[in-house]
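Working notes, beginning with the structure itself.
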Amino acid sequence: MLQHLLEAGLRQTMTRLVRPMLSPSIPVSLQRTLIAQAYRSSVPPKATRFSSDSLAGVPVTRCQNGKSTRGVILYLHGGGYIIGSSTTHRGLTGHLAKASGCEIITPDYRLAPEHPFPAALEDAEAVYCALLAEGHSPKHIAVAGDSAGGGLTIALAMKLRDSGQELPSSLTVFSPWVDLTQSNLYKPEREPVLQARWTEKAARLYAADNALTTPYISPVYGDLAKLPPLLIQVGSEEILLNDAERLAQTANRDDVDVRLEVYNSLWHVFQVHAGQLERSTSALEAAGTHIKSRLTD
C-alpha cells in the first residue's frame, strides 16, 4: 500500500513539476538549471563516492559504491542531447554502481545547440577509447544510458563496430530515444514526463543539418548486427515505448542477444527513483545482473 501511494505521489510530482519544465517555450539554458534542481531528489545510496576527472579532454564523473569494483560502466546520461549532466544523474548512477559492483564513468559530453551532432558521439567514443588506453579490457567495460543517452549508447556501439574497434561486453538502455523523426511515437493514456513538442525541438537542435534518419542519430534505421548483448527497460506510460519495442525488434532482426523489459504503469526513466520506489530499485538490480553476467575474465 505504501509503495502504491509513493508511486502515485511520484507520478504527480513528475507531471506537475518536471513535465512543465520540458516545454519548447522555455529557453534551453533555463531548462538546464531547472532540471538540475529537480534531480536533487534523486539520491545515491550510502557509501557512494564521486570524483571529478577528465578522459581524452572530456570532463567525467567517476562513481563507486563500496570497496570493490568488478568492471567499468561508461554511462551516457539523458536529456534530449540538450540538457542533463553527470551531476543530475548521480542518484541513478550511484544505485547502478551498487547493483553492478562496477565503477561508473559518466562523461559530460558536449550538448546541443552549442554542439550539435556528432559532438556527443565523438565525446562518447573518445572516453571509451581512453578507458581502453588506461588498460581496461573491453570484456570489463559495459556501456549504459538513459533516454537520449540510451540512443547514444547504441550509436556508440555501432560506431565502434564500424571503425573496427573492440566492443564492450554489454549494452543497457533505459527508455531509449532511438528514432528522432518521432514518426512512431506511442500515445499512452498519460505521459507524466515528456512532451512530444519538446522532444521534436531537441531533435532538431541535435541533428542540425543532418537527416533525422541518420543511423548514428536514430539507431533504429541502422544495422545492429554484431552488437553486444542488449537489455532494454522502458515504462508503459511514456511516448518512447514504441522506440524501445522497435529497438528490440531491430536487434532481433539482426541476431543481437536482446531482452526487453516493459514496466507497467511506470514512466520515462523511472530508474531515477531507485532507493525510493521498489520497482525502480529492482529494475536497476536487474540491469546490474545483466551487466555482471557479461563481464568476463
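Can you find, within region 108-137, the residue that is least open to solvent (accessible area, probe 1.4 Å) among those that are acidic (D, E) and not in a helix (DSSP H, G or I)?
Of everything passing the filter in region 108-137, D108 is least open to solvent (accessible area, probe 1.4 Å).
In a helix (DSSP H, G or I), at pLDDT 95 or above and either in contact with a helix residue (DSSP H, G or I) (Cβ under 6 Å, 6 or more places away or on another chain) or buried (at least 20 other Cβ atoms within 10 Å of the Cβ) (or both): does that describe G145?
In short, no.
How do the pairs read when you match residues in region 48-69 that are of a type in the set (F, W, Y) with residues anywhere that are open to solvent by less than 60 Å² (accessible area, probe 1.4 Å), using Cβ under 9 Å and keeping only pairs 6 or more apart or on different chains?
Listed pairs, sorted by first residue: F50/P44; F50/T61; F50/R62; F50/C63; F50/Q64; F50/S86; F50/T93; F50/G94.
Being more than 12 Å from V173 (Cα to Cα), of a type in the set (D, E) and open to solvent by less than 40 Å² (accessible area, probe 1.4 Å) is the filter here, so list the residues in region 218-269 that pass it.
E237, E238, D254
When you scan region 60-107, how many residues do you find that are in contact with a Phe, Trp or Tyr (Cβ under 9 Å, 6 or more places away or on another chain) and in a strand (DSSP E or B)?
Residues that pass the stated criteria total 10.
Quick test of your reading of the structure: V43 fulfils all but one of (1) more than 25 Å from A287 (Cα to Cα); (2) of a type in the set (A, V, I, L, M); (3) open to solvent by 60 Å² or more (accessible area, probe 1.4 Å). Name the failing condition by number.
(1)
Here is a yes/no grid of residues against (1) in contact (Cβ under 8 Å) with a residue 12 or more places away in the chain; (2) closer than 21 Å to G57 by Cβ; (3) not aliphatic (A, V, I, L, M):
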{"residue": "C102", "(1), (2), (3)": "yes, no, yes"}
{"residue": "F117", "(1), (2), (3)": "yes, yes, yes"}
{"residue": "A124", "(1), (2), (3)": "yes, yes, no"}
{"residue": "I141", "(1), (2), (3)": "yes, yes, no"}
{"residue": "G164", "(1), (2), (3)": "no, no, yes"}
{"residue": "Y186", "(1), (2), (3)": "yes, no, yes"}
{"residue": "V193", "(1), (2), (3)": "yes, no, no"}
{"residue": "A203", "(1), (2), (3)": "yes, no, no"}
{"residue": "A208", "(1), (2), (3)": "yes, no, no"}
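May I ask you to verify whether A203 is over 30 Å from K46 (Cβ atoms) and surrounded by fewer than 19 Cβ atoms within 10 Å (Cβ to Cβ)?
no
Assess whether D162 counts as being modelled with pLDDT of 95 or more, in contact with a His (Cβ under 8 Å, 6 or more places away or on another chain) and charged (D, E, K, R).
No: the conditions fail for D162.
So for region 246-257 (the condition being more than 23 Å from L160 (Cα to Cα) and acidic (D, E)), does at least one residue qualify?
no
The values are calculated or read from the model by the stated rules, or taken from the named source; none is laboratory data. Note that the coordinates shown come from a computational prediction; the quantities given were computed from them, not determined experimentally. Heads up, the Cβs are rebuilt from the backbone with ideal geometry, glycines too, and the neighbour counts pull from every protein chain shown. Side chains are part of the model used for accessible areas, which takes the heavy atoms of the whole protein and leaves out ligands, DNA and RNA. Shrake-Rupley method; radii C 1.70, N 1.55, O 1.52, S 1.80 Å.
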